[in-house]
Amino acid sequence: MYPLTRLRYLTSGESHGPGLYSVLEGVPAGLPLTEDYINFQLARRQKGHGRGGRMKIEKDQVHIKAGVRHGATLGAPIALEVLNRDWKNWENEMAVGPPQGPLKRVVTRPRPGHADLVGGLKHQFRDLRNVLERASARETTARVACGAICRRLLEELGVTIAGHVLQVGEIASQVTPTSAAEIQEKTEDLPLRCLDAEAEAKMVALIDEAKKNGDSLGGIFEVFVDGLVPGLGSYVQWDRKLDGRLAQAILSIQAVKGMEIGDGYMAAQSFGSQIHDAIGYDAEQKKFYRMNNRAGGLEGSMTNGMPLVVRGFLKPISTLYRPLKSVDIETKENFEASVERSDTCAIAAAAVIGEAVVAITLADAYLEKFGGDSLEELKRNLKGYQEQIEAY
Ligand code: EPS
């Protein structure tokens, strides 16, 4: 069951193969959905200062191959395809059948920080391209496509999701968002999706300096979600806890090495009186609220009705144009690691990918609690619960 309970999805495809493919199962029937809606999210993933040359080649577009008819979901598995424009340059390197002629892109010098060496040891590959093609962050194209459908479902339930960039290297934003809508309005066309203009300018300069030095950078992204009902997730069993399910989702993004819910790291060094959110009640709205949101919208592994705030900590891209030392797996001699075309910093993309995986996890949590084989049935069940909460 862990980490998804009602939704299931698989992705498939190599970075330089024909395309990225995915199947998303469990979406109720009757959800209005178009390819354009998904394409808008795919385009957002390609943006960001520090993205590499591949983003100049690709213009990611989804083709819905099953599960949607006349603009609405059927309640059946939804099959998605995003073709790789770069494939035409790799047809021999990545041919399904035997290569027609010598291969030019064999990898025997693993890049420190990527899956190259361990993947080769694990699968007994002599050409580590067999690893990097699937380990590549190109796979997140398929996850964003599936996430877009879940985002669409959440919109119908009054939920708004927005990601933004909190830090690049040591440069941190000093601006805290008040809503997902504010993030959407203010950051969509920015180079690094950062609410703090002064910090963003320094981030851009730092990325340019890293690129000049053949180096790379990571950073911290934050996903902010408004409109969630209290009670999603559960405190009764480890694999139903929403904290853990969100952690799996965020930490499964390529290059993410850490995750935080609300001010989790701050909490570890604080007194309880400094960190727990006092409770209030709005009689007019008939709604409990918290005086602060240091818990990031989760208490007891369940949503508490406050905005959900989760952060992902992205390590610097593994490919360095000034590579680190490595060892050739054939000669066992010390060499500099191989260099693959790459980004300098993909933090802006990570914020969009973070939105997608959070959307998948939250859509699953709604379906877990409210069920519904059709969107209307799901909405009806949610409304009944909302009335229950108001009458509490
Ligand atoms: C990426 C596609 C890849 C990389 C990058 C992100 O394309 P290519 O390998 O052809 O350049 O640019 O992936 C990585 C940096 C990595 O280390 O996995 C994408 O579509 O996001």
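Read-outs: derived from the displayed coordinates by stated rules, not from any lab. If you're wondering where the values come from, they're calculated on a predicted model, not measured in any experiment. Ideal geometry is used to build each Cβ from the backbone, glycine not excepted, and the neighbour counts take in all protein chains shown.
Table for the structure above
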| read-out | value |
| --- | --- |
| Other-chain or far-sequence residues with amide H under 5 Å of Phe288's (modelled H) | Asp282 |
| For a label point 7 Å along the Cα-to-beta-carbon line of Val236, residues of segment 360-384 with backbone N under 16 Å | 368-371 |
| All aspartates and glutamates inside 16 Å of Lys241 as judged from Cα atoms, apart from same-chain residues fewer than 8 positions distant | Glu260, Glu299, Asp364, Glu368 |
| In order through segment 53-67: 3J(HN,Hα) via Karplus (6.51 cos²θ - 1.76 cosθ + 1.60), integer Hz, x for Gly, Pro | x, 4, 6, 7, 7, 8, 9, 4, 9, 8, 10, 7, 9, 6, x |
| Globularity index of segment 228-387, i.e. its alpha-carbon radius of gyration over 2.2 N^0.38 Å | 1.39 |
| Highest average packing first - 70-79, 241-250, Cβ atoms within 10 Å | 241-250, 70-79 |
| Calculated from backbone phi, Karplus (6.51, -1.76, 1.60) coupling profile of segment 82-98 in Hz, x at Gly/Pro | 10, 7, 8, 5, 6, 3, 4, 8, 10, 4, 7, 4, 10, 4, 5, x, x |
| For Phe335, distant residues with modelled amide H under 5 Å away | Ser326, Val327, Asp328 |
| Amide proton proximity set for Gly258, modelled H, under 5 Å, gap of 5+ | Phe313 |
| Peptides ranked, highest mean first, by Cβ atoms within 10 Å: ranges 275-283, 292-300, 370-378 | 292-300, 370-378, 275-283 |
| Rounded, prolate or oblate (a/c below 1.5 giving rounded, otherwise prolate when a/b exceeds b/c) for segment 215-294 by Cα gyration tensor | prolate |
| Within straight-line cross-link reach of Lys325, lysines at Cα separation under 20 Å, skipping those fewer than 8 residues along the same chain | Lys211, Lys212, Lys315 |
| Per-bin percent of Cα-Cα distances, segment 2-123 [10 Å] | 11, 30, 34, 21, 5, 0 |
| Centre separation in Å (Cα based) which lies between segment 269-347 and segment 1-66 | 22 |
| Length released on extending from Glu91 to Asp208, taking residue separation times 0.36 nm less the Cα-Cα span | 38.8 nm |
| Efficiency of FRET between Arg322 and Met55 - r from beta-carbon atoms, R0 22 angstrom, step 0.05 | 0.55 |
| 3J(HN,Hα) from dihedral phi, segment 377-388, Karplus parametrisation 6.51/-1.76/1.60, rounded to Hz, x for glycine, proline | 5, 4, 4, 5, 5, 5, 4, x, 5, 4, 5, 4 |
| The chain: calculated mean residue ellipticity at 222 nm from DSSP helix runs of at least 4, using -39500 (n - 2.57) | -10000 deg cm²/dmol |
| Contour minus Cα-Cα distance for Ala72 and Leu10 (0.36 nm per residue) | 20.2 nm |
| Reference-scaled alpha-carbon Rg (2.2 N^0.38 Å with N residues) for the chain | 1.03 |
